[in-house]
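Data first, discussion second: the structure below is written as structure tokens.
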Amino acid sequence: MSEFEQYNFAGKKVLVRVDFNVPLDKDFNITDDTRMRAAIPTIEKICNDGGSIILMTHFGRPKDGPNPDFSTKHLLFHLIKLLNGRTVKFASDCIGQEAIDDAKKLEVGEVLLLENVRFYKEEEKGDAEFAKKLAALGDVYVNDAFGTAHRAHASTSVMAHYFPQDVRMFGLLMNAEVANAEKVLKNAEHPFTAILGGAKVSDKIMIIENLFNAANNIIIGGGMAYTFLRAQGHAVGASLCEYDKLDLANELIAKAKAKGVNLLIPMDSKVASKFANDAETKVVDNYAIPEDMMGLDIGEKAIAQFSEVIKNSKTILWNGPMGVFEMSNFEAGTKAIADAVVAATANGAFSLVGGGDSVAAANKYNIADKLSYVSTGGGAMLEFFEGKELPGVAAVRE
Ligand code: AMP
């Protein structure tokens, strides 16, 4: 059981940092509340114990101080709904006398939602004085904001230092995120296969290098495969290719060989005459991409080869689509890989999916509940797998 689950919050004022940075439409309706729902069990446990909560989050990227478009007020009614009518109050400033008074007045089981912490530039600067003012509002610090754990901001990291070790801890979401990521990176059952897709090699270099120390197979798909193919001497036509990263791609191929890691680059592609769903298409081997066409999905041979490797794996990490899955004519590769990950999971493998676009794909194909864990943290998850220490995690553990 985690420290959080064992702790009795009765009578405590608990400062909980969540990541409620949810998308809104132009009328301020929440279009995806996944991040809010993910933090509800943490809030419920504290309230049910007899504690009260001071809730902190950032929301959007306000540039110059308070801005009504980025007020956490937009989250208030949905939060009340998610908490089944529990009393949720709002403080129009995250520090200062009003917040202090409101926090003091909180009754058992009540929640106080603070205004956006990013209305102060001190938040992103990790300012110690600002962190101290936030910390003064409560007796216990709970960090449940995995989505922001890669930031050394005042409320995500610095303020933890104002609480002794026994009253600073991860919430249930953060605990699950960290435990599952560590299980994959540090305690994987083998074979461990990492599936990396998406647009650019340059975004994924560090994660590829770090995974050389942990994975048995690294599958490369999506736009970034063409940089590897070009580096190996193939013509890639009009496909996405980072020509300044060709040497690097060859270095990664050589490193994989030296480390005994099986680096799989697709054998074939579905190529298109233009970047559009109604383009002319055909499936070709990757040594025969026509000059005027671009690869927008992996082909059938690659699907078969990748699926076989995935189905024989015991641990799977998936980040990034295999093609332009947003367009129906180029989603077959991503969908087939999703099916293979689901099949492996049903067969006992542990599968962790993370990063905005792979989570979007998992949702599009309705498979999220057939995977072992779907991470809520895009940037934080990437940085974790790059081997970096996350400031939000380190500050609680130090
Ligand atoms: P990333 O944010 O780097 O994970 O990239 C995700 C994006 O890469 C998605 O929007 C995909 O449409 C895009 N993508 C995947 N495969 C390709 C490809 N072969 N060519 C161009 N874009 C791609």
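Would you check if there is a residue in the range 343-357 being within 16 Å of the ligand (Cβ to nearest atom), aliphatic (A, V, I, L, M) and either more than 15 Å from Leu196 (Cβ to Cβ) or in the same structural domain as Glu308 (by TED's automatic domain parsing) (or both)? Checking the range 343-357: at least one residue is within 16 Å of the ligand (Cβ to nearest atom), aliphatic (A, V, I, L, M) and either more than 15 Å from Leu196 (Cβ to Cβ) or in the same structural domain as Glu308 (by TED's automatic domain parsing) (or both). Could you list, in sequence order, all residues of the range 207-263 that are among the polar types (S, T, N, Q) and in contact with a helix residue (DSSP H, G or I) (Cβ under 8 Å, 6 or more places away or on another chain)? Those that are among the polar types (S, T, N, Q) and in contact with a helix residue (DSSP H, G or I) (Cβ under 8 Å, 6 or more places away or on another chain): Asn210, Asn213, Asn217, Thr227, Gln232, Ser239, Asn250, Asn262.
A single member of Leu382, Leu352 is in a strand (DSSP E or B) and touching a residue at least 60 places away in the same chain (Cβ under 8 Å), and it is Leu352. When the strands (runs of 3 or more DSSP E) confined to the range 119-227 are screened for residues that are within 16 Å of the ligand (Cβ to nearest atom), those reaching at least 3 such residues are found at 192-196, 217-220.
Pairing each residue of the range 98-109 that is more than 14 Å from Ala10 (Cβ to Cβ) with any residue that is among the hydroxyl-bearing types (Ser, Thr, Tyr) and assigned to a loop (DSSP other than H, G, I, E, B), provided the two are 6+ apart or on different chains, yields C-beta distances under 8 Å for Glu98/Ser92. Being in contact (Cβ under 8 Å) with a residue 60 or more places away in the chain and under 24 Å from Gly379 (Cβ atoms): is that true of Val22 here? No; evaluated as a whole, the condition is false for this residue. Please verify whether the range 27-44 includes one or more residues that are open to solvent by less than 40 Å² (accessible area, probe 1.4 Å) and among the small types (Gly, Ala, Ser). So far as the range 27-44 goes, yes, one or more of its residues are open to solvent by less than 40 Å² (accessible area, probe 1.4 Å) and among the small types (Gly, Ala, Ser). Checking each residue in the range 258-274 for being farther than 16 Å from Gly333 by Cβ and either open to solvent by 20 Å² or more (accessible area, probe 1.4 Å) or within 16 Å of the ligand (Cβ to nearest atom) (or both) picks out Ala258, Lys259, Gly260, Asn262, Leu263, Ser273, Lys274. Of everything in the range 155-213 that is under 26 Å from Thr42 (Cα atoms), charged (D, E, K, R) and in contact (Cβ under 8 Å) with a residue 60 or more places away in the chain, the residue that is most open to solvent (accessible area, probe 1.4 Å) is Lys183.
The C-beta contact set for the range 233-244 (first residue within 12 Å of the ligand (Cβ to nearest atom), second residue polar (S, T, N, Q) and open to solvent by less than 30 Å² (accessible area, probe 1.4 Å), distance under 6 angstrom, 6+ apart or interchain) comprises Cys241/Thr227; Glu242/Thr227.
From the list Leu134, Leu82, Leu76, the one residue that fits, being modelled with pLDDT of 95 or more and open to solvent by less than 10 Å² (accessible area, probe 1.4 Å), is Leu134.
So that you can scan it fast, the table gives a plain yes or no per residue for (1) in a helix (DSSP H, G or I); (2) more than 17 Å from Tyr226 (Cβ to Cβ); (3) touching a residue at least 12 places away in the same chain (Cβ under 8 Å):
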{"residue": "Val284", "(1), (2), (3)": "no, no, yes"}
{"residue": "Ile289", "(1), (2), (3)": "no, no, yes"}
{"residue": "Lys301", "(1), (2), (3)": "yes, no, yes"}
{"residue": "Met322", "(1), (2), (3)": "no, no, yes"}
{"residue": "Ala344", "(1), (2), (3)": "yes, yes, yes"}
{"residue": "Ser358", "(1), (2), (3)": "yes, yes, yes"}
{"residue": "Asn363", "(1), (2), (3)": "yes, yes, no"}
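Screening the candidates Leu112, Leu106 for the property of being in contact with a strand residue (DSSP E or B) (Cβ under 8 Å, 6 or more places away or on another chain), buried (at least 22 other Cβ atoms within 10 Å of the Cβ) and under 20 Å from Leu55 (Cβ atoms) yields one hit, Leu112. Take the residues in the range 311-320 that are open to solvent by less than 10 Å² (accessible area, probe 1.4 Å) and either farther than 26 Å from Lys186 by Cβ or more than 12 Å from the ligand (Cβ to nearest atom) (or both); name whichever of them is nearest to the chain's Cα centre (by Cα). The extreme case among them is Leu317. Report whether or not Gly323 is in the same structural domain as Leu185 (by TED's automatic domain parsing), within 14 Å of the chain's Cα centre (by Cα) and either over 23 Å from Lys270 (Cβ atoms) or not aliphatic (A, V, I, L, M) (or both). Criteria not met by Gly323. Of the strands (runs of 3 or more DSSP E) lying entirely inside the range 1-113, those containing at least 3 residues that are under 16 Å from Tyr141 (Cα atoms) are 13-17, 52-56. Quick test for you: out of Glu300, Glu308, Glu280, pick the one residue that is within 24 Å of Leu352 (Cα to Cα) and open to solvent by 70 Å² or more (accessible area, probe 1.4 Å). None of the other options fit; the residue is Glu308. For the range 324-342, the tally of residues that are assigned to a loop (DSSP other than H, G, I, E, B) and near the ligand (Cβ under 9 Å from one of its atoms) stands at 4.
The values are calculated or read from the model by the stated rules, or taken from the named source; none is laboratory data. In this text the structure is predicted, and so the values were computed from the model without any measurement. Note: ideal-geometry Cβ built from the backbone for every residue, glycine included; neighbour counts use all protein chains shown. Remember, those area values only see protein heavy atoms, side chains included, never the ligands or the DNA or RNA. Shrake-Rupley method; radii C 1.70, N 1.55, O 1.52, S 1.80 Å.
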